[in-house]
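This report refers to the structure that appears directly beneath it.
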Amino acid sequence: MIDPRTSIISKRLSRISRIIAVSSGKGGVGKSMVATTLALTLVRNGCDVGLFDLDFTSPSTHLILGTNLRRAKPKEEKGIIPPTMNGLHYMSLVYFVGEKPAPLRGAETSNALIELLTITQWGKLDFLIIDMPPGIGDAVLDMVRLIKNIEFLIVTSPSTLAFETVRKQANLLCELKMPIIGILENMKMDTRNCIQMETEKLGLRYLGEIPHDQQVEATIGDQPKLLATALGKQMRQVAKIVALTKKSEE
Ligand SMILES: Nc1ncnc2c1ncn2[C@@H]1O[C@H](COP(=O)(O)OP(=O)(O)OP(=O)(O)O)[C@@H](O)[C@H]1O
Ligand SMILES: [Mg+2]
């Protein structure tokens, strides 16, 4: 059966120039940190940016941003208008479920995702950054099905265990002919370059490395502090690459 919401989603997203899913087959590699910092960096660069937290089981971008959920709330108006904080348009499932656990299963998750994409009115944006849940299954396939012009930015840690899952994800996305901006190596603790070599063997762009930095934890909830870390610095490079990838494709 055709779901009428899918055509509404296309309309809702039609005024967004770039939609970038920050994703990883592996959990805990820093997707939420990277997605949030990239969104804040693009705002600093003068772009209109939205950040969409689609990690239904453990949404965390509101904590990284230090958002006061009661003060900055979505507005209802023929759908839901995301609140804007320091220039960043923001939407998360936490607005609907609060801090309570939201244990969704299979089809329910897919349905919640479709619903949120259907009701959210982003308007015109240069970038929509999506913080994805871990894994290469349902959420990724739903996004590919629902968002025609989605691009993926993949995060890995230096561990072979993380990279092997990321490799599977990258192969799957390549088979589906989805654009991959590149692979970013986070939490690096040595100078080995195997992830870079493996990334290049896959024919993908290596987006650089972010050192493991104990200061990062202390920046949660403090945006200027976060942007001043090595992670913040690397995201300025990534933001430049992101801008260039589109230009070279056009
Ligand atoms: N470069 C870094 N240096 C040190 N700690 C980091 C770095 N990047 C992220 N972290 C920390 O690692 C933890 C996981 O980060 P984050 O929540 O962004 O990962 P995630 O991939 O989104 O996890 P999940 O799969 O659960 O969504 C957090 O405690 C975060 O503070
Ligand atoms: Mg996360």
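Quick one: grab the alpha carbon gyration tensor of segment 1-109, order the square roots of its eigenvalues as a ≥ b ≥ c, and give me rounded if a/c is under 1.5, else prolate or oblate depending on whether a/b is larger than b/c. Rounded is the answer for segment 1-109, as its axis ratio a/c remains below 1.5. Put a dot 7 Å past the Cα of Cys174, heading toward its Cβ, do the same for Met197, and the two dots end up 1.8 nm apart.
Subtracting the Cα-Cα distance of Leu244 and Lys75 from 0.36 nm times their residue separation leaves 57.4 nm of extension gain. For segment 14-166, the Cβ-based charge dipole about the Cα centre amounts to some 340 debye (Lys, Arg positive; Asp, Glu negative; other atoms uncharged). If you sort the three axes of the alpha carbon gyration tensor as a ≥ b ≥ c, you get a/c of 1.5 or more for segment 3-67 and a/b no higher than b/c, which makes it oblate. Would you mind estimating how fast segment 144-241 diffuses translationally, via Stokes-Einstein at 4 °C and 1.567 mPa s with the Kirkwood radius over Cα pairs, in µm²/s? Translational diffusion coefficient: 89 µm²/s. Computed over segment 153-208, the P(r) tail beyond 15 angstrom holds 39 percent of alpha carbon pairs.
On a per residue basis, the chain carries 49 Å² of accessible surface, using protein heavy atoms and a 1.4 Å probe. Pairwise alpha-carbon distances in the chain exceed 33 Å for 13% of all pairs. Scaled against the 2.2 N^0.38 Å expected of a compact globular protein of N residues, the Cα radius of gyration of segment 83-181 reads 1.19. Treating each Cα of segment 197-242 as an identical point scatterer and summing with the Debye formula, the log10 of I(q)/I(0) at q = 0.19, 0.24, 0.25, 0.33 Å⁻¹ comes to -0.66, -0.85, -0.88, -1.13. At 1.4 Å probe size, with the rest of the protein present, what percent of the exposed accessible area of the chain is carbon and sulfur atoms? So the carbon and sulfur contribution to the accessible surface is 54 percent. Here's the list of lysines a cross-link from Lys177 could span, going by alpha-carbon distance under 18 Å and ignoring same-chain residues fewer than 8 apart: Lys148, Lys168, Lys201, Lys246.
Of all aspartates and glutamates in the structure, those lying under 16 Å Cα to Cα from Lys188, and not within fewer than 8 positions of it along the same chain, are Glu198, Glu209, Asp213, Glu217. If I model segment 20-169 as equal point scatterers sitting on the Cα atoms and use the Debye formula, what is log10 I(q)/I(0) at q = 0.08, 0.09 Å⁻¹? Relative scattering, expressed as log10 I(q)/I(0), comes to -0.21, -0.26.
The values are calculated or read from the model by the stated rules, or taken from the named source; none is laboratory data. A quick note: this is a predicted structure, and the numbers were derived from the prediction, not measured. Reconstructed Cβ throughout: ideal geometry from the backbone, glycine too, with neighbour counts over all protein chains shown. These accessible areas exclude ligands, DNA and RNA; they are computed on the full protein's heavy atoms, side chains included. Shrake-Rupley method; radii C 1.70, N 1.55, O 1.52, S 1.80 Å.
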